[in-house]
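Take a look at the structure set out below.
The values are calculated or read from the model by the stated rules, or taken from the named source; none is laboratory data. This structure is a prediction, so every number in the text was calculated from the model and none was measured. Ideal geometry is used to build each Cβ from the backbone, glycine not excepted, and the neighbour counts take in all protein chains shown. The area values use the complete protein model at the heavy-atom level, side chains included, leaving out ligands, DNA and RNA. Shrake-Rupley method; radii C 1.70, N 1.55, O 1.52, S 1.80 Å.
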Amino acid sequence: MITVFTPAYNRASTLERLYKSLKAQTCTDFEWLIVDDGSTDGTEPAARKWQREENPFPLRYVKTANGGKHRAINAGVKEARGEAFFIVDSDDCLPPRAVERIVEVFASVAEDVRFAGICGLKADIGTKKALYNSAEAEGKDCSMLDIRYKYHIKGDMAEVFKTEVLKEYPFPCFEGEKFLNEAVVWNKISEKYIMRYIGDVLYYCEYLPGGLTASIRKQYRNSPQGAKLFYGGLIKDKKLPLKERIKASILYWRYLCFNKQAKCRLADVPPVSLLFILPGIFLFMWDKFKERI
């Protein structure tokens, strides 16, 4: 069984679209698990109403205090009853054959200990155009780092993980911070596991004005320990191309340099990043200037 997992925070206005797309699935071998990350809108009443309806799949709803998507994922992994874990955000939806295709392909890696799961395409919800070239990804068995840095296939992807693998790698949580880039965990998984890549669209996405993509820089500034962990990991990973490590070094200082919460002791600083402290400081000052205008 697949666990379709949705972390929800004040998205009652879009969650119904996802619900309708799940009811339209050609395969119903899944559960829908919603972890409500402290919503203050109509998310809970909507979910409770749908639970009372006749659905071809079980729908479970869990309410937690607001702590950010990474904490919601941790809670969801603990609650999941499926062997596969598919994160579908509350403002997105699925094409009708998504679960059917996941079940088919996941079976090919389920017993293979080399694999963390499978990965398909995301497509724009309006145009239905894939966010990267499906022909380039089709048929590759490789890590999530290799797909981006060895094969140079970029863009959001639709990962479906083995639930047991995610239990090995819970998201770190820092007090007072509500954001952590998911790549912190995905990159750790890449050190041990590979994924099977397919050319099927499994996911329709929409980037809303209030969504994470639109506010990523502010999120990093407000979550400096998480930013430190993410960019510090990239800097230290010698498998990454040099230009990616340089970029990470600059952004490391952009988000951490003057933030007292970051607790940046010199012993913790990747030495190579010190070469790029000045451009990082410049970008930090530029961010502060833009905040004032």
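Numbers at a glance
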read-out: Number of positions in segment 1-18 that are at pLDDT 95 or above and among the small types (G, A, S); value: 1
read-out: Of residues in segment 210-263 being outside any helix (DSSP H, G or I) and over 22 Å from K154 (Cα atoms), the one modelled with the highest pLDDT; value: S223
read-out: Total residues in segment 82-110, condition part of a loop (DSSP other than H, G, I, E, B) and either basic (K, R) or in contact (Cβ under 8 Å) with a residue 12 or more places away in the chain (or both); value: 14
read-out: Identity of the residue in segment 156-196, in a loop (DSSP other than H, G, I, E, B) and in contact with a strand residue (DSSP E or B) (Cβ under 7 Å, 6 or more places away or on another chain), that ends up most open to solvent (accessible area, probe 1.4 Å); value: D156
read-out: For G76: the one exception among (1) without any contact (Cβ under 8 Å) to a residue 60 or more places away in the chain; (2) among the small types (G, A, S); (3) closer than 21 Å to T163 by Cβ; value: (1)
read-out: Near pairs, Cβ below 8 angstrom, 6+ apart or cross-chain, from segment 48-68 (more than 21 Å from G176 (Cβ to Cβ)) to any residue that is among the small types (G, A, S) and assigned to a helix (DSSP H, G or I); value: L59/A47; Y61/A47; V62/A75; V62/G76
read-out: Top-ranked residue of segment 92-133 - restricted to ones that are at pLDDT 95 or above and β-branched (V, I, T), ranked as nearest to K20 (Cα to Cα); value: V99
read-out: Tally of residues being within 20 Å of A80 (Cα to Cα), open to solvent by 10 Å² or more (accessible area, probe 1.4 Å) and not acidic (D, E) across segment 36-49; value: 2
read-out: Per-region count, segment 19-28, residues open to solvent by less than 70 Å² (accessible area, probe 1.4 Å) and either modelled with pLDDT under 95 or not hydrophobic (A, V, I, L, M, F, W, C) (or both); value: 4
read-out: Unique residue being among the basic types (K, R), over 24 Å from T3 (Cα atoms) and in contact (Cβ under 8 Å) with a residue 12 or more places away in the chain when the list is K154, K167; value: K154
read-out: Residue match in segment 11-25 (condition: within 23 Å of the chain's Cα centre (by Cα) and in a loop (DSSP other than H, G, I, E, B)); value: yes
read-out: Residue selected from segment 60-81 under the condition part of a loop (DSSP other than H, G, I, E, B) and surrounded by 19 or more Cβ atoms within 10 Å (Cβ to Cβ), by the criterion nearest to the chain's Cα centre (by Cα); value: G68
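A quick yes/no check of all residues on (1) surrounded by fewer than 16 Cβ atoms within 10 Å (Cβ to Cβ); (2) under 18 Å from the mean Cα position of the chain (by Cα):
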{"residue": "I2", "(1), (2)": "no, yes"}
{"residue": "I34", "(1), (2)": "no, yes"}
{"residue": "P95", "(1), (2)": "no, no"}
{"residue": "D112", "(1), (2)": "yes, no"}
